[in-house]
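Worksheet: one structure, shown below.
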There are 4 protein chains.
Amino acid sequence: MTPEQLAEIEELRATPTPTLRAVAPGMERHLHTAHEVLDHGMIRVVDYMGDDAAICQAARVSYGRGTKAVSNDEGLIRYLMRHWHSTPFEMCEVKLHVKLPVFVARQWIRHRTANVNEYSARYSILDREFYIPAPEHLAAQSEVNNQGRGEALAGEEAARVLRWLRDDANRAYDHYEAMISQEGQQGLARELARMNLPANVYTQWYWKVDLHNLFHFLRLRADPHAQMEIRVYAEALCEIVRDWVPAAYAAFEDYRLGGASLSARGVDCVRRMLAGEEVTQETSGMSKGEWREFMGVVR
Amino acid sequence: MTPEQLAEIEELRATPTPTLRAVAPGMERHLHTAHEVLDHGMIRVVDYMGDDAAICQAARVSYGRGTKAVSNDEGLIRYLMRHWHSTPFEMCEVKLHVKLPVFVARQWIRHRTANVNEYSARYSILDREFYIPAPEHLAAQSEVNNQGRGEALAGEEAARVLRWLRDDANRAYDHYEAMISQEGQQGLARELARMNLPANVYTQWYWKVDLHNLFHFLRLRADPHAQMEIRVYAEALCEIVRDWVPAAYAAFEDYRLGGASLSARGVDCVRRMLAGEEVTQETSGMSKGEWREFMGVVR
Amino acid sequence: MTPEQLAEIEELRATPTPTLRAVAPGMERHLHTAHEVLDHGMIRVVDYMGDDAAICQAARVSYGRGTKAVSNDEGLIRYLMRHWHSTPFEMCEVKLHVKLPVFVARQWIRHRTANVNEYSARYSILDREFYIPAPEHLAAQSEVNNQGRGEALAGEEAARVLRWLRDDANRAYDHYEAMISQEGQQGLARELARMNLPANVYTQWYWKVDLHNLFHFLRLRADPHAQMEIRVYAEALCEIVRDWVPAAYAAFEDYRLGGASLSARGVDCVRRMLAGEEVTQETSGMSKGEWREFMGVVR
Amino acid sequence: MTPEQLAEIEELRATPTPTLRAVAPGMERHLHTAHEVLDHGMIRVVDYMGDDAAICQAARVSYGRGTKAVSNDEGLIRYLMRHWHSTPFEMCEVKLHVKLPVFVARQWIRHRTANVNEYSARYSILDREFYIPAPEHLAAQSEVNNQGRGEALAGEEAARVLRWLRDDANRAYDHYEAMISQEGQQGLARELARMNLPANVYTQWYWKVDLHNLFHFLRLRADPHAQMEIRVYAEALCEIVRDWVPAAYAAFEDYRLGGASLSARGVDCVRRMLAGEEVTQETSGMSKGEWREFMGVVR
């Protein structure tokens, strides 16, 4: 962050204005402040709409009397989450400023139900900022799983990888700068020069999303199987959402993050096991992969 | 509005809370207050996010230096609207409470990029409230246009229509009430009884939408060809949006509401006419319908 | 169906044309033929794109080598469904012609990620066709559940309900017809006259959706808690989808229709129960409602 | 294309199967065949649904009698396009296999209403294929426009740029390969190693979209202001769409590609000019930029 940016945040945080809208005290604390992620990335809450009460307000419009039976907001929110009601959670919205490596941005953007304004390298010049993994995150390819990571690389192999990542990024950026320079030459169009930059260069965007779709994002990206470099953004977001809508986040944690899905076969196996039967993969009707995942749930 | 509802609005409007978010003063004036539409309908702003500055902030993240050439926010917003940029306008969001007849709701819901929580007649009992057109809006079928309206009906015909609309709605509601009653009988399920109610019964919902999609809605529904009963909602919304984001609304009015689209043939005709040629429908290459519409633009 | 419509279907089914696209033999059998639903409703497959192999083809582009480990298409499809992969299922698409009561259409349309062209009562005149429940479906309001149904009504109460539904619908239609008539009078605009018609009048539309979103629709609407009048459409669709993409439908049936979700508390309880502990609602950490639902899964 | 791929296409094209669905003869010619774009890119039609008649069929369901006035399909399609009707065009769908540089993919993916399965470099190894512009496309930064291109670079400057692009890409790929190699070392995880590759590396995906959203894509990306490297894909697609739905494409060309939008001020100026007034930028009420664009339309 430059001193100008810090001063701007300082100023934004120093000037509260009265509003007649719902205010979420836990979220006001986060507003404008940058949360650091990875080596040069960050998440910053720029604006938000709604709170736990807004979720209940919308649900009560829909279900009217039906929601009176549930004694309180927390119980209602748990009921909505348990039964996969989505529209009341869509009534909350958040707008973030995110700085992230391009290869993370390419995964992130696949979540289509969101609004995005990304920094354009057609118009503007990218900064010399690249993600270089910390040594403990320089993981080897998993031997069991095509998409996973194994142990961290060690010794000379790790050093060589870091050297290549740094040198290639810097050389690519040197040439990027030299190509667009207009000193003593015409200068290549920015929209072309950017193609020389690697996928660990940082970009930034404004990302606006409703709470239902944010929960969907968090469920997939805060999952242990998500790539670590996007998971750390999801984890930072989890902490922010917990402060914003505590009841909704608690329900999300219980029913989604910490929950599990059983197939019809899985339900059948649980019943048989509870009835005392010794069920094995062979008698379960499941494939080996399914059985391993099922055992991970019930054991 | 019941006295309880008025008291609730009074209270909501009496308790401003400090926030660090962007505040749109023109929109704060509308918050919570019900704007009456049709005989029993209304629009009420429940929450909003962003203002004119938020549109520019997002555009400047995207286009960086590219936006510096434009001297001020108003000019930038006009540029964005003229060139069909949509994402910066998506950075503003509004949440409304709307009460509207079911046949209007059925048109409205076709705008898919929005969040909705509607009052559910499966769970709850609908009120005895029906839209009955004012006599001057009791229009005859247009003779030129399959979808349009002609003059207002007159005399006995008008009186008969009004009588039928009122009597049929009331009888349907009497039977609805009698069918669901649990006094001295089992009582029909609400989810079934509702099928007896006509399309002019009022429903209500929370509707949340971003500014880009709201403009799209307004462009289609504030259009003179839209059915009057939805157009009055769109017109009430136009006034609200004008107060919320004055620069964006002015650009919308100039480029969308008041603007016109020319086809390649239309552009060609304008050029030929400006060059002094006498162009007729026959020499224009347009069909009669197209030519009539084209003449409506340029004359 | 009119004789003209039957003749048209006959003709469409009699003229196969060669194509280089993927053909799903099980779906060709359904093409154009109307499947009757409720008393006057129907579902008709108008077009489709893709088959089980198209799902695998798309997944293999994404995961490349990663998918080779899975020996066959069926296994791959089960893997994708189990791990909530959505995009490969989006590669199949179906277009339906559906005739359905308006109150069913109002639930159906809430599924936003679909394409719809509905018969317009602004332009055209609706037919005199209303849904009147069969006596065994004339259910009482549930006493335990605000949204549910109890036993069928009996005797005089049932007869009275049926009489009201029939008489009110017919009277409303008589007046609708009389209002729009242009014989000896101006005739009310169609867009106004339609407001007199009750929610059990039939409408029709073309509905086009991808397989992922169709599964989501079926999961919610083929559920026992869905209103019977939409569930019968979902059930008819299930049979069609089973013939279209047999492997994907089998996986959907196992993991979604027949499966169950456990919360973190639920997972914990299953583990404790399998370890021999006697878990009760009090020691489960769940509310009474949650516990009842959990018991419904594991017992 | 490898010999295996060519053989596969050959086989797919050699085995027509009868179907009862609508068949678009002009599209059957394109099916499976790869259209080359840029130096290593391509577009290949994998599947499609619907034709010009399907658009009319859907519109006639919606507007019923209203569409009878229009004598033929071509006239109806022109009417729908002129009046911005979108849903009938959504009834057609196309699925493409596209190979394209990552920096083009990043623009393309911003069109959210589409289905995508992209080759995953988390799971699989990317090929050594990079986009290197042809010398005549090695454009300088525009001096008037932050986002535009000027003349092609010449002489030594051009040679240097090409050398850097080639050398940096190859070195990055050499290191990518060396980092993931498992010979004599652990081998870096693929999901990490990919970050070293520049934005001109080729990726590929299946992209499925409806005709309405495809037209929106083409309108923005076949525009002269679009970056050349995505415009060539849009132009190749235009030729394919022209063969698929000739009437819809002709209407699109007339009303969108070749048409123009006038603001309220623009409409006013045209009227004044046709009435013989000498209008200048000063008397137009427009900014300089707007006036320049307006003059580009009418002159």
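Each value in this text was obtained by applying a stated rule to the coordinates, not by laboratory testing. Predicted model only: the values in this text are computed from it and were never measured. Note: ideal-geometry Cβ built from the backbone for every residue, glycine included; neighbour counts use all protein chains shown.
For the stretch D:240-299, give me each residue that is touching a helix residue (DSSP H, G or I) at 6+ places or on another chain (Cβ under 9 Å), part of a loop (DSSP other than H, G, I, E, B) and either within 11 Å of chain B (Cβ to nearest Cβ) or buried (at least 16 other Cβ atoms within 10 Å of the Cβ) (or both).
Answer for the stretch D:240-299, where residues must be touching a helix residue (DSSP H, G or I) at 6+ places or on another chain (Cβ under 9 Å), part of a loop (DSSP other than H, G, I, E, B) and either within 11 Å of chain B (Cβ to nearest Cβ) or buried (at least 16 other Cβ atoms within 10 Å of the Cβ) (or both): D:245, D:258, D:259, D:263, D:279, D:285, D:286, D:287, D:299.
May I ask you to list the residues in the stretch C:160-181 that are within 7 Å of chain B (Cβ to nearest Cβ) and free of Cβ contacts under 8 Å to residues at least 40 places away in the same chain?
C:161, C:164, C:165, C:168, C:171, C:172, C:175, C:179
Hey, which of the helices (runs of 4 or more DSSP H) in the stretch D:2-95, taking only ones fully inside, have at least 3 residues that are among the small types (Gly, Ala, Ser)?
By residue number, D:52-63.
Are any residues in the stretch B:1-51 within 12 Å of chain A (Cβ to nearest Cβ), of a type in the set (Val, Ile, Thr) and buried (at least 20 other Cβ atoms within 10 Å of the Cβ), and if so, which ones?
Correct list: B:19, B:45, B:46.
Inspect all residues belonging to the stretch C:187-202 and state whether any of them is more than 10 Å from chain B (Cβ to nearest Cβ) and either more than 18 Å from residue C:40 (Cα to Cα) or not acidic (Asp, Glu) (or both).
Yes, that holds for at least one residue.
Filter the stretch B:108-134 down to the residues that are more than 14 Å from chain A (Cβ to nearest Cβ) and surrounded by fewer than 20 Cβ atoms within 10 Å (Cβ to Cβ), then identify the one that is farthest from residue B:168 (Cα to Cα).
Top of the filtered list is B:111.
For a quick check of your reading of the model, give me the residue pairs whose first member lies in the stretch B:6-26 and is in contact (Cβ under 8 Å) with a residue 12 or more places away in the chain, whose second is buried (at least 16 other Cβ atoms within 10 Å of the Cβ) and basic (Lys, Arg), with beta-carbon atoms closer than 9 Å and at least 6 apart or on different chains.
From the stretch B:6-26, the pairs are B:9/B:44; B:21/A:21; B:23/A:21.
Filter the stretch B:203-231 down to the residues that are of a type in the set (D, E, K, R) and away from chain A (no Cβ under 14 Å) and list them by number.
Initial filter on the stretch B:203-231 (of a type in the set (D, E, K, R)): B:208, B:210, B:219, B:221, B:223, B:229, B:231.
Correct list: B:219, B:221, B:223, B:229, B:231.
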